[in-house]
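Chemist: Below are the structure tokens for one structure; questions will follow.
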Amino acid sequence: AEKANAKNIIDIGTGSGCIAIALKKKLVNAAITSIDISKKAIEIAQQNATTLNANINLQSLDFLDENTWDALGKYDVIVSNPPYIKQQESKSMSKHVLAFEPHLALFVADEDALIFYTKIAAFGKNHLSANGKIFVEINETLGKETMALFELQGYKAKLKKDMQMKDRMIIATL
């Protein structure tokens, strides 16, 4: 039943588009909008979507700039795997991640590590349809803080663990 009402989905910080494309392949009738600040990421996502025959609407925009939100509609589902690694954590990261992932996609300022979640929670207030859901991947070390952030904004939030039993995702509803 849950799948049936996800008609409009937005993927914030789509990167190569894999989440949006996977959703489109599963939910054929859903309209999926994918946004990313990086024009290069949008080009790659477009190539991937074309290759995999997934019709998604890709837009390059700076989600952190709330003035760009007027161009976006209402969504049943908001998904995001946003940048959430503190700069200071880069020292302990494996070299292959640092070598292949664009730093823009990974890192946030140490003092404002939850900036994307703050913005996503604010965005959801006006852009989430009734009974809509937000699914976000999170920094495993900031699970409680990220959940509290959504709850302070009036959301009901659930923390989910990954296969390694680390806090990995939050599902939030208004």
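Laboratory data are not the source of any read-out in this text; all were calculated from the coordinates shown. Computed from a predicted structure; not experimentally measured. Cβ atoms come from the backbone with ideal geometry, glycine included; neighbour counts cover every protein chain shown.
Chemist: Taking Rh as the Kirkwood radius, which is the inverse of the mean 1/r over Cα pairs, what is the Rg/Rh value for the chain?
Modeler: Over the Cα atoms of the chain, Rg/Rh equals 0.94.
Chemist: Identify the residues of the stretch 20-39 with backbone N under 20 Å of a label point that sits 7 angstrom from the Cα of E101 along the Cα-to-Cβ direction, or state none.
Modeler: The answer is 20-23, 35-39, whose backbone nitrogens lie closer than 20 Å to the label point.
Chemist: Related question: Okay, helix-only estimate at 222 nm for the chain: each DSSP H run of n ≥ 4 adds -39500 (n - 2.57), divide by all residues, round to 500 deg cm²/dmol; what do you get?
Modeler: -9000 deg cm²/dmol
Chemist: While we're here: What is the distance in Å between the Cα centres of the stretch 158-174 and the stretch 14-69?
Modeler: 23 Å
Chemist: Starting with the highest mean, order 57-69, 118-130, 6-18 by the number of other Cβ atoms within 10 Å, averaged over the residues of each peptide.
Modeler: 6-18, 118-130, 57-69
Chemist: Taking 0.36 nm per residue of separation and subtracting the Cα-Cα distance, what length does fully extending N126 through L64 add?
Modeler: 20.8 nm
Chemist: Same structure again: Pop the C-beta distance of K86 and N29 into the FRET formula with R0 = 35 Å and round what comes out to the nearest 0.05.
Modeler: 0.35
Chemist: Could you work out how far apart the two model spin labels at D112 and N57 are, taking each label as a point 7 Å from the Cα in the direction of the beta carbon, and quote it in nm?
Modeler: Reported label-point gap for D112 and N57 is 2.8 nm.
Chemist: Taking the square root of 5 times each eigenvalue of the Cα gyration tensor, what semi-axes in Å does the equivalent ellipsoid of the stretch 1-93 have, largest first?
Modeler: Semi-axis lengths for the stretch 1-93 are 23, 16, 14 Å.
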